[in-house]
Amino acid sequence: MSPDEDPTADFLDGVRAEETPWRRDRPVGEPAPERAERPSKWNRVAQVAPYVQAAALVAWLASGAFDDGSGNSG
């Protein structure tokens, strides 16, 4: 089948969205808008750290609560 007879290409041409004007209609010489700054990875880690610490504490306390004190692990 030649590329001219490809029904998939015809379908995609029919459903492809047009490019939005705000992406292509910037006057010549006008600078592109500033990109939004992404929060750093370490800021996200700092936000989650207290929850991780609390979960570790709860797991440690729970492991002691179920300990029978015999010292046998088997």
Give the stretch 56-74 a look and list any residue that's part of a helix (DSSP H, G or I) and either at pLDDT below 80 or of a type in the set (Gly, Ala, Ser) (or both), or say none.
Ala56, Ala59, Ala62, Ser63, Gly64, Ala65
For the stretch 1-55 the number of residues that are modelled with pLDDT of 80 or more and either part of a helix (DSSP H, G or I) or of a type in the set (Ser, Thr, Tyr) (or both) is 25
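The values are calculated or read from the model by the stated rules, or taken from the named source; none is laboratory data. Bear in mind that the values here come from a model prediction, so they are computed numbers and not experimental data.
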